[in-house]
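Read through the structure below, which is laid out as structure tokens, and then see the notes.
The values are calculated or read from the model by the stated rules, or taken from the named source; none is laboratory data. No experiment lies behind these values; they were computed from the predicted model shown. All Cβ positions, even for glycine, are placed from backbone atoms using ideal geometry, and neighbour counts span all protein chains on display.
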């Protein structure tokens, strides 16, 4: 499809946004017109099935469809019943459906438009769209051009949230190939602590494409846990970018789990923008059929004395493919940086594949950095050892794969949620003991 | 119980077993000795069903079934046990869960109800005493970071839990100090009865001071070249393997 013509039509006919976001949208529209959509010729999209993403016939009306609101509770994952719930339908934030479990003194959730015109305007001004530096492919700009339906979340200074904030993305694909562009800006103020969970669901049998942009600023000495769970089923396509900027002594812990979908692209960009920041990034992709999961991560060490550790693991069966691309930048001033990265992949079938690419660009001279990646089959010796004790081949494989995934699962601190996901994985691995 | 006739096996293009004959009856302990590279571990691996080895001739029947037709897991469920020379470290799989899975898969195969948590723990406690193994070891990942002695004791513990009809101990004594050796041997001696049998593969006579075999076989160059009673082991210890090699070479010359 000619994306520029398609989206221009929609851009010109959208309701004129009179809020303070107007100039932001215009600026990004201009940028998108320059950049266009990602293509295979882009180094960062080399292995991604981009053709499957922006196809003809996208339904993009920026309307929340007539989804039965009562049915939304079905989308709440086990283990997260008691939480702050935020709903996006077709990429549009549904202010009326928000359920807040924590105190309003601690947690603020509102539309992005509202935030751009009230006491949070300065923050919106400073951070909205401020973290695109790494993306030269236009998807961030495309999202920003249509950011009227976005949400703003703030965890106030010193607040320790009792419950996670669960953001539900629901795509109505009953009428056609649903296109959604959720936009979220989050402020984790200094000394506060919060867990943010994102999940995705699709209604209807048509395909969907979600192009999401989330920007988070974790301020001084704040602590963020971020969990992204993707289990939308075949037909769901995703290009999501999470930008996290950490200030001094902030700690971020991110877990990305991809269990199904058609083409799922996750960008996670971390900027260590204050000294003594700490960042942990974990990922698990358990794929089968034709699913492709593509995790691109960036850790940009801009300031000295920061620590980052990254561990992504993939299991590929059927004709699925897993992609990992991890960049670590250590800027000239970022002395005493400790940055580690590991990616491990297991291929279960002839037709599955993995592409992994660690990239370190180090400009400082007093740092500790390491990276490593593996692609292999299940350990034959381990498999034989288990079978020689009477464990069936299928269960032996499942036990080993489950153990392989356990490192990542253990990173989910909310126990009932971890057990739920563990159950999904055990079911998938047909662990039958 | 186990009847091996003219068994040939190779790995890739290299023929390692060149016609093994062996007959083990219930209640017996057999020792297989031999110099390095004679095929001792290959024989143990082939019997357990390792697929790296290709059986090119002969037969092996176990409890009246064609052993070579069974998958490794079915051999185990039928009552064959291999104590590995090099037990594999498996991170992320707890030893206890692993043994519980193994015990219950075997029970299922035999048409028995799975052990419930209480029965399982009770059995485990009993068998732990037998090999003087500590609970803390069993809650760790399977063999991960275990010392050589701990790994071997864990093998004997698994053997005790699975209660096999025929246990093959593949150089279980290698790398063990005398205390660990005594514990392992003690475990075997307590488990032996008139219905089960042991095949002990070893390079040295040392283990046989503790586990007294009924028969000793010398494996050399892929064949059993000499069989006898426990006195043969003493003779080997005294004279080394060279006299056997000399005898064989003379006979084939």
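Taking residue B:56 as meeting all but one of (1) more than 9 Å from chain A (Cβ to nearest Cβ); (2) under 30 Å from residue A:409 (Cα atoms); (3) in contact with a strand residue (DSSP E or B) (Cβ under 8 Å, 6 or more places away or on another chain), write down the number of the exception.
(2)
Take residue B:190 and tell me if it is within 14 Å of another protein chain (Cβ to nearest Cβ), in contact (Cβ under 8 Å) with a residue 12 or more places away in the chain, over 26 Å from residue B:10 (Cβ atoms) and part of a helix (DSSP H, G or I). Walk me through it before giving the result.
Numbers: within 14 Å of another protein chain (Cβ to nearest Cβ): no; in contact (Cβ under 8 Å) with a residue 12 or more places away in the chain: yes; over 26 Å from residue B:10 (Cβ atoms): yes; part of a helix (DSSP H, G or I): yes.
It is false that residue B:190 is within 14 Å of another protein chain (Cβ to nearest Cβ), in contact (Cβ under 8 Å) with a residue 12 or more places away in the chain, over 26 Å from residue B:10 (Cβ atoms) and part of a helix (DSSP H, G or I).
What are the residues in the range A:96-115 that are in contact with a strand residue (DSSP E or B) (Cβ under 8 Å, 6 or more places away or on another chain) and either part of a loop (DSSP other than H, G, I, E, B) or free of Cβ contacts under 8 Å to residues at least 40 places away in the same chain (or both), if any? Break it down stepwise before answering.
Of all residues in the range A:96-115, those in contact with a strand residue (DSSP E or B) (Cβ under 8 Å, 6 or more places away or on another chain) come to A:97-102, A:106-112, A:114-115.
Correct list: A:97, A:98, A:99, A:100, A:101, A:102, A:106, A:114.
Has the range A:411-428 got at least one residue that is in contact with a strand residue (DSSP E or B) (Cβ under 8 Å, 6 or more places away or on another chain), part of a strand (DSSP E or B), in contact (Cβ under 8 Å) with a residue 12 or more places away in the chain and surrounded by fewer than 22 Cβ atoms within 10 Å (Cβ to Cβ)?
Going through the range A:411-428, the residues in contact with a strand residue (DSSP E or B) (Cβ under 8 Å, 6 or more places away or on another chain) turn out to be A:411-414, A:417, A:421, A:424-425, A:428.
If we keep only those that are part of a strand (DSSP E or B) too, we end up with none.
Within the range A:411-428 (the criterion being in contact with a strand residue (DSSP E or B) (Cβ under 8 Å, 6 or more places away or on another chain), part of a strand (DSSP E or B), in contact (Cβ under 8 Å) with a residue 12 or more places away in the chain and surrounded by fewer than 22 Cβ atoms within 10 Å (Cβ to Cβ)), the answer is no, since none of the residues qualifies.
In this structure, does residue A:401 turn out to be out of contact with any strand residue (DSSP E or B) (no Cβ under 9 Å at 6 or more places or on another chain), within 11 Å of another protein chain (Cβ to nearest Cβ) and either farther than 25 Å from residue A:280 by Cβ or surrounded by 21 or more Cβ atoms within 10 Å (Cβ to Cβ) (or both)? Let's see the steps before the verdict.
Values: out of contact with any strand residue (DSSP E or B) (no Cβ under 9 Å at 6 or more places or on another chain): no; within 11 Å of another protein chain (Cβ to nearest Cβ): yes; either farther than 25 Å from residue A:280 by Cβ or surrounded by 21 or more Cβ atoms within 10 Å (Cβ to Cβ) (or both): yes.
It is false that residue A:401 is out of contact with any strand residue (DSSP E or B) (no Cβ under 9 Å at 6 or more places or on another chain), within 11 Å of another protein chain (Cβ to nearest Cβ) and either farther than 25 Å from residue A:280 by Cβ or surrounded by 21 or more Cβ atoms within 10 Å (Cβ to Cβ) (or both).
Can you pull out every residue in the range B:135-147 that is away from chain A (no Cβ under 14 Å) and touching a helix residue (DSSP H, G or I) at 6+ places or on another chain (Cβ under 8 Å)? Break it down into steps so the answer makes sense when it comes.
So in the range B:135-147, the residues away from chain A (no Cβ under 14 Å) come out as B:135-139, B:145, B:147.
If the condition is that a residue be away from chain A (no Cβ under 14 Å) and touching a helix residue (DSSP H, G or I) at 6+ places or on another chain (Cβ under 8 Å), then B:135, B:137, B:138, B:139 are the ones that fit.
Return the residues of the range B:217-235 that are in a helix (DSSP H, G or I) and out of contact with any helix residue (DSSP H, G or I) (no Cβ under 7 Å at 6 or more places or on another chain); say none if nothing qualifies.
Of the residues in the range B:217-235, the ones in a helix (DSSP H, G or I) are B:230-235.
Answer for the range B:217-235, where residues must be in a helix (DSSP H, G or I) and out of contact with any helix residue (DSSP H, G or I) (no Cβ under 7 Å at 6 or more places or on another chain): B:231, B:232, B:234, B:235.
Is it the case, given these coordinates, that residue A:160 is modelled with pLDDT under 95 and more than 15 Å from the chain's Cα centre (by Cα)?
Details: modelled with pLDDT under 95: no; more than 15 Å from the chain's Cα centre (by Cα): yes.
Against the criterion (modelled with pLDDT under 95 and more than 15 Å from the chain's Cα centre (by Cα)), residue A:160 does not qualify.
Which of the residues belonging to the range B:88-97 are under 19 Å from the mean Cα position of the chain (by Cα) and either closer than 24 Å to residue B:18 by Cα or more than 7 Å from every other protein chain (Cβ to nearest Cβ) (or both)?
Across the range B:88-97, the qualifying residue is only B:89.
Which members of the range B:153-169 meet the condition of being in a strand (DSSP E or B) and within 11 Å of another protein chain (Cβ to nearest Cβ)? First the steps, then the outcome.
To start, the set of residues in the range B:153-169 that are in a strand (DSSP E or B) comprises B:166-169.
If the condition is that a residue be in a strand (DSSP E or B) and within 11 Å of another protein chain (Cβ to nearest Cβ), then B:168 is the only one that fits.
Which of the residues belonging to the range B:27-52 are under 22 Å from residue A:389 (Cβ atoms), in contact with a strand residue (DSSP E or B) (Cβ under 8 Å, 6 or more places away or on another chain) and assigned to a loop (DSSP other than H, G, I, E, B)?
B:52
Take the conditions touching a helix residue (DSSP H, G or I) at 6+ places or on another chain (Cβ under 9 Å), more than 8 Å from chain A (Cβ to nearest Cβ) and either surrounded by 17 or more Cβ atoms within 10 Å (Cβ to Cβ) or within 29 Å of residue B:23 (Cβ to Cβ) (or both) and apply them to residue B:82. Does it pass? Write out each step before concluding.
Values: touching a helix residue (DSSP H, G or I) at 6+ places or on another chain (Cβ under 9 Å): yes; more than 8 Å from chain A (Cβ to nearest Cβ): no; either surrounded by 17 or more Cβ atoms within 10 Å (Cβ to Cβ) or within 29 Å of residue B:23 (Cβ to Cβ) (or both): yes.
It is false that residue B:82 is touching a helix residue (DSSP H, G or I) at 6+ places or on another chain (Cβ under 9 Å), more than 8 Å from chain A (Cβ to nearest Cβ) and either surrounded by 17 or more Cβ atoms within 10 Å (Cβ to Cβ) or within 29 Å of residue B:23 (Cβ to Cβ) (or both).
For the range B:107-125, indicate whether the set of residues that are closer than 21 Å to residue B:23 by Cβ and either modelled with pLDDT of 95 or more or buried (at least 17 other Cβ atoms within 10 Å of the Cβ) (or both) is non-empty.
So in the range B:107-125, the residues closer than 21 Å to residue B:23 by Cβ come out as none.
Scanning the range B:107-125 turns up no residue that is closer than 21 Å to residue B:23 by Cβ and either modelled with pLDDT of 95 or more or buried (at least 17 other Cβ atoms within 10 Å of the Cβ) (or both).
Quickly run through the range B:66-77 and pick out the residues that are in contact with a helix residue (DSSP H, G or I) (Cβ under 8 Å, 6 or more places away or on another chain) and either surrounded by fewer than 18 Cβ atoms within 10 Å (Cβ to Cβ) or at the interface with another protein chain (Cβ under 9 Å from one of its Cβ atoms) (or both). Talk me through it step by step, then tell me what you get.
Kept after step one, since they are in contact with a helix residue (DSSP H, G or I) (Cβ under 8 Å, 6 or more places away or on another chain), are these residues of the range B:66-77: B:67, B:70-77.
Result: B:70, B:71, B:72, B:73, B:74, B:75, B:76, B:77.
Every residue, every condition in (1) away from chain B (no Cβ under 14 Å); (2) touching a helix residue (DSSP H, G or I) at 6+ places or on another chain (Cβ under 7 Å); (3) without any contact (Cβ under 8 Å) to a residue 60 or more places away in the chain; (4) on the phi > 0 side of the Ramachandran plot, yes or no:
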residue	(1), (2), (3), (4)
A:316	yes, no, yes, no
A:329	yes, no, yes, no
A:332	yes, no, yes, no
A:339	yes, no, yes, no
A:375	yes, no, yes, no
A:388	no, yes, yes, no
A:405	no, yes, no, no
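Which is within 15 Å of residue A:150 (Cα to Cα), touching a residue at least 60 places away in the same chain (Cβ under 8 Å), within 24 Å of the chain's Cα centre (by Cα) and surrounded by 17 or more Cβ atoms within 10 Å (Cβ to Cβ), of A:32, A:24?
Exactly one of A:32, A:24 is within 15 Å of residue A:150 (Cα to Cα), touching a residue at least 60 places away in the same chain (Cβ under 8 Å), within 24 Å of the chain's Cα centre (by Cα) and surrounded by 17 or more Cβ atoms within 10 Å (Cβ to Cβ), namely A:24.
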